[in-house]
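Take a look at the structure set out below.
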Amino acid sequence: MGAGSPFERPLGYVVLCRAENGGTNPAAYSPLTTEQLDEAAKRDVTVPHGISRAAAAALPGLWYTLHLPSTLSDLVDTPARILKAAQQLKLDHHILLLPIDVFDARYVDGFFRGLHRTLVVCPDDLLEEARQRSKAMNFALPPVGYAALSDESLTAQWKAIHHHFIPDSEPLSNVLTLTRRLDLAPVLLPHRRLARQMGWASDLAEPSPDSGADGLVLRAVHGQILLATISRLESEETPREVAEQRFESTLDEEARSLRFPLTLALPGVAVAYSRTAYSSELRSQISPLSSEVEPNVWSVSLHERSDSAVEDAAIEFAATHHAVATNGLGLMMPPVPRDAFVALAELERHFIGNENPASVRSLMARLDAAASSIWSEDVVELIKRASQLTVFSNFPLGLLTLPGDTSPLTARLPLTYRPLTPLIRTLQHETDTPSSVNLNGRVRVLIAECIPTSDPVGRLSRQGWKVAKEAAQAAGDALKIDEVETLTPDALRHAVAEYRPDFLIISAHGSFRGNVSGLVIGDELCLELGLGPGNAPPVVMLSACHVAPRGAGAVSVTDLLLREGVLAVLGTQVPVRVDRNAMLMVRFLANVLEELKHPGHFATLLDVWHHVQASNAVNDILGASRSLQNWAMKDRGSSIPVLTDFMMNRSKGRLRRGRIYEDTERVLAEIADDMGMGSKVRTWFRRPGYVPESMFYLFVGRPERVHLGHVANRVKSYRLRP
C-alpha cells in the first residue's frame, strides 16, 4: 500500500438520535446530580445505570454499524500475522453518536479528520433530514433508516463500501450477518468477524436465537489458538509444505501459551448509589437483578423495551465494541450481587480508621464469598488466557480472588476499568475513540504538589519526589520530571498549561464524604479540575487517599477526569500511607525510566503499572512492621541485604502472579531459614500481619493506549493506524 492509499484511513460512521427531554438535558444523566430522580425524570432516563431514552434510541443503529467494516482491510484477505498484530493496536469502529440537530460540519469535521466519511444510520423519522445533511458533508453512501436494517442491507453496504473505496481490490466472499443474541455478542461477534477473515464457514454462522452459550467460548478460544498458530508460521516465513508438517506441534505450543485481550462486562450499582440517586418510588420499580445473564435479542425497536433490557443492550454494545477493536474476546457476566457491594463498602470504610490486617483479610474473604456467584467455568478459563483485561463495571473485579488463586485478580494480569454510571457517559466514551498516544521514548512528568510543607504528609511526599527527580536527572533526558507547588486549583491549571506533561501526578489529600470523593487543593474540595480538553494530559495519577472508592457508588474525581479528556487515570480505593504511596510512585517512575533506556520489556503504560503493582507485594509484606523492615534492610556484613537478595536472586522465576503474596512469603521465609530466623519471620508475617495495600489502586480509562516507545517498531511493517 503506497502513500495516500485509502487503506491508511479507517472508516467512520454516524448514528443519529433525536435530542429532546433527557437527551438534551445533561443534568438528567450527569454524575454530579445531587437531587434524586423522580417519576417525571424516569420517563427520560433509565434506572439504575442511567441512559437517556433519547440516546437509547441510537442503540439499534450502533449495533448495526458494529457489523460493518472498521477499516478497509476488513474487506480484503488479510494475513493472520496482521490480524494478530491488530490485538496490540486497538482498531476501533469509529462511530459518532450525535443528536440530529448538531449533525453539521462543526462536529463532523473534527471527528472525521483522517477518516473516510462512510455512512449515517438513524431512526426513520430522521432519515430525510439525515439524507440532506450527509449529502452536503460528502458521505460516501446514502443514509439508512432503521426499517431497512437487515442481513440483506448489511451485505449490500459491505459491497457498496468496497466498490466506492477500493474497487480494484479482490473482495472476501464470506458474508457477515447480524448478531441477534446481544448477550452473547461480546464473544460471538469478534469470533465471527475473525471466522470471516480466516474462511471458517462453519463458525461464521450465528447460533439460533434460542440456543445457549454452551461450547461457544471454547470455540472462540480455539479460534484464537488457530490465529496464533497461523500467525506464527506466517511470521517465520515457513514454506507451505513445512508449515503443514509443523502445524500440529505449533498448535499444541500455542494452545499452552495463548494469550489474548479480554473484555468483561459486569453490570450493577451500589446500594448506596441507588438510595442517593433515586426516590423511594423509583427504587421500588427497579427490576431485581438476575443472578444470570438474561437473553437479549436484537431488533430495530430494542430501545423501546424495559429499562433493564435497554441498559443490558447498551452495556453489551460497549463490551462488544471494545472486544471487536482488540480482535480478542469478551463476555457479559451476571450482575454484581447486592451483598458484594455491601461487603465492599464495609471493606473500604474499614481503612478510614487504622486498618487491622486480620480484619482486612476477613473482610476480603467476605467480599470473595459475596461475589462468588459471578464466577463460571467460561469466565475463569477466559481470564486465565487473557493478556490484559478491560472491565466495564462499577465494581472492582480485580480486588476479588480468582478461584484457584490466593492473591487478588489485579496481581494476575494488567487490568483497567470503564465505569458504567451514568451509562450514557460510558456509551459516549466508548464510541469516542481517541488515537493511541505514542511517547516515542521520551516522557515528561509534572508533579503537582498540593500539600503545603507545613503538613507532615507534604514533607514526606516531597522526599519521595526528590528521589525520583535525582534518578531521572542522572539518566539523561528520556524522563524529565518537573515539580511545582500548586496550592490552589488555579495554580494547578496554570502549571498544567505551562508544562504540558505526558504524565500529571497530583499529590494531594483526598476527601471522601457522603457520595462524593475528590481532591483537597488548598481549602477547596475539587471534583472537576477544569483542565479543559486542550490542556488535559494523557495520563493523570492521583497520589491521594480514597479518590476512587467503589462500595458506596460515590461520584469520584477519578472517573470525572475521563470526562475532561484524560485518557487514563490512576486512583486509590482506600486511604494509603504516604510513605508506602511514595515508594510505589517512585518505583513506577523508575520502571518507566528503565523501559525508556532499555526498551523491550513493557509496551504500554498499563504493562509498566501492572509490573510495579504486582511486584510491590514484597513491600506490602515487609512494610507491615518495624521488625520486618529492619530484618530486610539491614546490612548483613559480607552478605547483601535480604530485600536485595530477594529481588536480584531468590525470587526470579518463582513468583506466580495469582499467588504472589503466598509465594513472596515463601521465598522470604526460605531466606530467613538460611539465617536461622525462619520461625520468627513467619510469626511476623501473621502478627501483626500485613495489608495488600498495592491491590487497592486502580486504573480507569485507556492506559493500554499509552505506548512508551515507537508503535511502528512493535508492528514492524504492518501499515495499520494505531
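The values are calculated or read from the model by the stated rules, or taken from the named source; none is laboratory data. Values in this document were obtained by computation on a predicted structure and should not be read as measured data. Glycine also receives a Cβ, built like all others from the backbone with ideal geometry; neighbour counts cover every protein chain displayed.
Name the single residue that is farthest from Ser5 (Cα to Cα) among those in region 153-183 being among the small types (Gly, Ala, Ser) and assigned to a loop (DSSP other than H, G, I, E, B).
Ser173
If you scan region 276-311, which residues turn out to be at pLDDT 85 or above, assigned to a helix (DSSP H, G or I), surrounded by 15 or more Cβ atoms within 10 Å (Cβ to Cβ) and not β-branched (Val, Ile, Thr)?
Leu302, His303, Asp307, Ser308, Ala309, Glu311 - these are the residues of region 276-311 that are at pLDDT 85 or above, assigned to a helix (DSSP H, G or I), surrounded by 15 or more Cβ atoms within 10 Å (Cβ to Cβ) and not β-branched (Val, Ile, Thr).
So Ala156 fits all but one of (1) in contact (Cβ under 8 Å) with a residue 12 or more places away in the chain; (2) over 23 Å from Met332 (Cα atoms); what number is the exception?
So the condition that Ala156 fails would be (1).
Filtering region 510-523 down to residues that are at pLDDT 95 or above and closer than 13 Å to Ile352 by Cβ, which residue is surrounded by the most Cβ atoms within 10 Å (Cβ to Cβ)?
Result: Ser517.
Quick check on region 182-194. Is at least one of its residues surrounded by fewer than 20 Cβ atoms within 10 Å (Cβ to Cβ) and without any contact (Cβ under 8 Å) to a residue 60 or more places away in the chain?
No; the residues of region 182-194 include none that is surrounded by fewer than 20 Cβ atoms within 10 Å (Cβ to Cβ) and without any contact (Cβ under 8 Å) to a residue 60 or more places away in the chain.
For region 466-494, enumerate the residues that are in a helix (DSSP H, G or I), surrounded by 21 or more Cβ atoms within 10 Å (Cβ to Cβ) and within 28 Å of the chain's Cα centre (by Cα).
Ala468, Leu492
For Ser511, only one of the following conditions fails: (1) small (Gly, Ala, Ser); (2) more than 30 Å from Arg275 (Cβ to Cβ); (3) in a strand (DSSP E or B). What is its number?
Ser511 satisfies all of (1) small (Gly, Ala, Ser); (2) more than 30 Å from Arg275 (Cβ to Cβ); (3) in a strand (DSSP E or B) except (2).
Could you check region 563-583 and list, in sequence order, the residues that are under 21 Å from the mean Cα position of the chain (by Cα) and not β-branched (Val, Ile, Thr)?
Listed by number, the residues that qualify are Arg563, Glu564, Gly565, Leu567, Ala568, Leu570, Gly571, Gln573.
Please verify whether region 326-341 includes one or more residues that are in contact (Cβ under 8 Å) with a residue 40 or more places away in the chain, farther than 26 Å from Pro549 by Cα and part of a helix (DSSP H, G or I).
yes
Of the conditions (1) crowded, with 22+ Cβ neighbours inside 10 Å; (2) modelled with pLDDT under 50, Ala58 clears all except one; give me its number.
Failing condition for Ala58: (2).
What number of residues within region 342-391 satisfy the criterion of being surrounded by fewer than 20 Cβ atoms within 10 Å (Cβ to Cβ) and assigned to a loop (DSSP other than H, G, I, E, B)?
Within region 342-391, residues that are surrounded by fewer than 20 Cβ atoms within 10 Å (Cβ to Cβ) and assigned to a loop (DSSP other than H, G, I, E, B) number 7.
Would you be able to say whether some residue in region 145-152 is touching a His at 6+ places or on another chain (Cβ under 6 Å), among the hydrophobic types (A, V, I, L, M, F, W, C) and part of a helix (DSSP H, G or I)?
no
Filter region 504-528 down to residues that are over 22 Å from the mean Cα position of the chain (by Cα) and over 17 Å from Val574 (Cα atoms), then give me how many there are.
6
Does any residue of region 265-275 turn out to be crowded, with 23+ Cβ neighbours inside 10 Å and part of a strand (DSSP E or B)?
Yes: one or more hits.
Might you check whether a residue that is in contact (Cβ under 8 Å) with a residue 40 or more places away in the chain, in contact with a Pro (Cβ under 8 Å, 6 or more places away or on another chain) and of a type outside the set (Lys, Arg) occurs anywhere in region 253-263?
yes
For Ala314, indicate whether it is in a helix (DSSP H, G or I), touching a Phe, Trp or Tyr at 6+ places or on another chain (Cβ under 6 Å), not assigned by TED's automatic domain parsing to the domain that holds Leu567 and not basic (Lys, Arg).
Taking the combined requirement at face value, the residue does not satisfy it.
The rows are residues; the columns are (1) within 27 Å of Lys480 (Cα to Cα); (2) in contact (Cβ under 8 Å) with a residue 60 or more places away in the chain.
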position	(1), (2)
Arg418	no, yes
Ile424	no, yes
Leu427	no, yes
Glu430	no, yes
Ser435	yes, yes
Asn438	yes, yes
Arg442	yes, yes
Ile447	yes, yes
Arg459	yes, no
